Structures are given as C-alpha cells and as structure tokens.
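The values are calculated or read from the model by the stated rules, or taken from the named source; none is laboratory data. These figures come from a predicted structure and were not determined experimentally. Virtual Cβ from ideal backbone geometry, glycine too; neighbours counted across all protein chains shown. Ligands, DNA and RNA are excluded from the accessible area calculation, which covers all protein heavy atoms including side chains. Shrake-Rupley method; radii C 1.70, N 1.55, O 1.52, S 1.80 Å.
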Amino acid sequence: MKLTAIVPCYNEEAALHFFYEEMQKVMQDMQYVDFELLFINDGSKDKTLEVIKELAAEDNRVKYVSFSRNFGKEAAIYAGLTYSDGDLTAIMDADLQDPPSLLPQMYEAIVEEGYDSVATRRVNRKGEPPIRSFFARCFYRLMNRISKADIVDGARDYRLMNRAFVDAMLKMSEYNRFSKGLFGWVGFDTKWLEFENVERVAGETKWSFWKLFLYSIDGIVAFSTMPLSIAAFLGVTMCAVSAVAVIFTIVRQLLYGGSAFGWPSMVCIIMFLGGIQLLCIGILGSYLAKTYLEVKRRPVFICKETNKAKTGEQVKDSEEAQ
Ligand code: UDP
Ligand code: MG
C-alpha cells in the first residue's frame, strides 16, 4: 500500500528537519507501507524550498510541489490532494503539531477496521493564548448551530483518507475552500482520534488573530446561509415594529395631539435603521463577493516547480475542474 503524506509548508525552514527526522522513525516502524512525503511549498520566502530539495536529493520518497506565490494552507491541501496518487493520503503540518506517531494507529483504523478516514482532534489548547481559545470555542459553537456541516471543536486538518474519500474531496473544486467543513460534508465513515495539544517544534505560527478571524468568516459564508436569513428576519421584524409605531403615533395624535415633536428620537431611529440596512447589505455583499470569486473560476493554486509527475487521469481531472 502506498501512503502519500501531504505537508503544507510556508516558511518552515526551521521545522522541516525535525519533521523529517520524526517521520523517518515512523517510516522505519511502518516498513509494510510504501511512503511518499509530498511537501507543498506555499510560496515560502525563506529557504524552505532549498531544504526540501536537499531532502529530495537524498531520499527519493520526498516529492515536492512549489507554488508561484503564497496561496494559503487551503490551496496547499487541495494541491496535495490533486497530486497524491497513494492508496492512502495523509495531511499533516510541518511543525510536528500533528504527531506522526499516530500514523500506525490511523493506518490500522482504515486497513483493519474498515473506516474511510481517520481524523484527529486535540482535547486541549495548551500553550495557546487564552483569548484565541475563547474565540475559537465561540466560533465552533456558532458554526454548529447555524450550519449542517459537522465541524468538531479542536479538529485538526491532520487526517488519513482512503482513495474514495480523496476523490470525493477532489470533486469539490470550489475556490473558497474551508477544509474543516468539506471533510465533514463528504460524509463517509470517519474515526476520531484524540490527542493532547503539542506546541510547534520550531518557527512561528503563520496565523495572526486577524487572519483567523477572516478565515472563520470564510467558514461561515461557505457553510451556512443563516446570516442571510437573519438579515431577512431583521427586515421583517423592523417592518412590524414600524407598523405598530405608526398606528400608535396616529392614535396618540388623535387623542392627545402633540405627536409631531421629538426629532431627536427620530434621528436615533433613522440611524438605527440605517445601521441595520448597511449591516444587511454587508452580509449580502459578502455572499456576492464569494460568488464573484467562484464564477471567475480561477485556479486554486499555480504550481511553479515540482518533481512529481501527475498521472494522466489527474491532469484530465484538474483541467476539467478548472
Ligand atoms: N501554512 C501554509 N500556508 C500558509 C500558512 C500556513 O502552507 O499560508 C502551513 C504551515 O507551514 C504549517 C501549517 O500550514 O505546516 C499550519 O500552520 P501553523 O502551524 O502556522 O498554524 P497553527 O498550527 O498555529 O494553527
Ligand atoms: Mg502549527
């Protein structure tokens, strides 16, 4: 059996050697599997590509795909899935936050227990800034309430999948990719493994708070149309409230007079409604923007350099997708 491990790398020169060493141990233990390490260099600005090429020169199990610029981790995952030709495909971070030592267990679950994929989640967020954990929790709670996609709190992108699962993932060639949702959306039998959070071995995280915030909005827009319903609901509620207010004002004018006064309250109401209208237009706009990006059908990534040949079928598939 061939196992392709996809490793998205963005400025990971410091971590790659640790990763490779750790993987070598696992590959040693799993002699019964034909390994391939598929590094996706996501437009790194440091020596990541050089390091990968050095590894590739020494070890022919090391393959790489190098992007023409930074396209983001989601694009790197998609590229990895397109290029992967293993019977099994794993996705793992380069910083050893996804412990390679879990691979034998994951392999067993698919080959012996018959699962289609094995996913992992960390049970705690040790070593993470508390505010980040707090917002992450809120996001998962909100997401599960407003979306049908089953998104698990603490789920990592670390996963092992069989061919059927990968093919299903590739059928979704959408431009705005939110893998955590897509994994759940395709279905299949997934086994969950849990592990304690591990801090990154070297280098720095590539996700600032702001980047994560925007990513969470991507996730919501990609997997839920609830915000649009909320906008519509607000509109209807406002109409009802104003109808009651009109009747109240007319009746009061007829009974007591003097209802024409009170422009400050009028200004407040106008500002309030103006705000709600802008918010709703904004929500609408964010869906429109995503649709706009989607209909342009731009490729998810552009490969500049690779030592991995795509099979004929994959080339056809990805051309069709584009
Ligand atoms: N990554 C990437 N492209 C990016 C950002 C990150 O390929 O634009 C890779 C990165 O090299 C790492 C993985 O995605 O292998 C996870 O990134 P990181 O460890 O910075 O995220 P965190 O674990 O802190 O959420
Ligand atoms: Mg990390």
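Pairs needed: first member in region 99-124, among the aromatic types (F, W, Y); second member anywhere, open to solvent by less than 20 Å² (accessible area, probe 1.4 Å) and assigned to a helix (DSSP H, G or I); C-beta distance under 8 Å; at least 6 residues apart or different chains.
Pairs that qualify, where the first residue is among the aromatic types (F, W, Y) and the partner is open to solvent by less than 20 Å² (accessible area, probe 1.4 Å) and assigned to a helix (DSSP H, G or I), are Y115/A109.
Name the one entry in S179, S147, S208, S173 that is hydroxyl-bearing (S, T, Y), touching a residue at least 40 places away in the same chain (Cβ under 8 Å) and open to solvent by 30 Å² or more (accessible area, probe 1.4 Å).
Sole residue among the options that is hydroxyl-bearing (S, T, Y), touching a residue at least 40 places away in the same chain (Cβ under 8 Å) and open to solvent by 30 Å² or more (accessible area, probe 1.4 Å): S173.
Filter region 202-255 for residues that are within 16 Å of ligand 2 (Cβ to nearest atom) and assigned to a loop (DSSP other than H, G, I, E, B) and give the result. Show your work before the answer.
Here is the first cut: in region 202-255, the ones within 16 Å of ligand 2 (Cβ to nearest atom) are 202-209, 211-212, 215.
Within region 202-255, A202, G203, E204, T205, K206, W207, S208 meet the criteria.
For region 244-287, which positions are open to solvent by less than 100 Å² (accessible area, probe 1.4 Å), under 30 Å from S224 (Cα atoms) and of a type in the set (S, T, N, Q)?
S286
Can you pull out every residue in region 182-201 that is assigned to a loop (DSSP other than H, G, I, E, B) and either away from ligand 1 (no atom under 16 Å from the Cβ) or without any contact (Cβ under 8 Å) to a residue 60 or more places away in the chain (or both)? Walk me through it before giving the result.
Going through region 182-201, the residues assigned to a loop (DSSP other than H, G, I, E, B) turn out to be 186-189, 196-201.
Answer for region 182-201, where residues must be assigned to a loop (DSSP other than H, G, I, E, B) and either away from ligand 1 (no atom under 16 Å from the Cβ) or without any contact (Cβ under 8 Å) to a residue 60 or more places away in the chain (or both): V186, G187, F188, D189.
Among the residues of region 107-144, how many are part of a helix (DSSP H, G or I) and either open to solvent by less than 80 Å² (accessible area, probe 1.4 Å) or under 30 Å from M1 (Cα atoms) (or both)?
Residues that pass the stated criteria total 13.
Suppose we filter region 61-106 for residues that are more than 12 Å from ligand 1 (Cβ to nearest atom) and either of a type in the set (G, A, S) or part of a loop (DSSP other than H, G, I, E, B) (or both); how many remain?
So the answer is 9.
Which ones in region 150-170 are open to solvent by 40 Å² or more (accessible area, probe 1.4 Å), more than 18 Å from K126 (Cα to Cα) and modelled with pLDDT under 90?
If the condition is that a residue be open to solvent by 40 Å² or more (accessible area, probe 1.4 Å), more than 18 Å from K126 (Cα to Cα) and modelled with pLDDT under 90, then D150 is the only one that fits.
Hey, F213 hits all of (1) closer than 30 Å to H17 by Cα; (2) out of contact with any Pro (no Cβ under 8 Å at 6 or more places or on another chain); (3) within 16 Å of ligand 1 (Cβ to nearest atom) but one; which does it fall short on?
It fails just one condition, (1).
Could you identify the single residue in G219, G203 that is within 30 Å of E13 (Cβ to Cβ), touching a helix residue (DSSP H, G or I) at 6+ places or on another chain (Cβ under 8 Å), modelled with pLDDT of 85 or more and not charged (D, E, K, R)?
Of G219, G203, the one residue that is within 30 Å of E13 (Cβ to Cβ), touching a helix residue (DSSP H, G or I) at 6+ places or on another chain (Cβ under 8 Å), modelled with pLDDT of 85 or more and not charged (D, E, K, R) is G219.
Taking the condition of being under 19 Å from M92 (Cα atoms), out of contact with any strand residue (DSSP E or B) (no Cβ under 8 Å at 6 or more places or on another chain) and open to solvent by 30 Å² or more (accessible area, probe 1.4 Å), how many residues in region 29-63 meet it?
Going through region 29-63 one residue at a time, the tally reaches 1.
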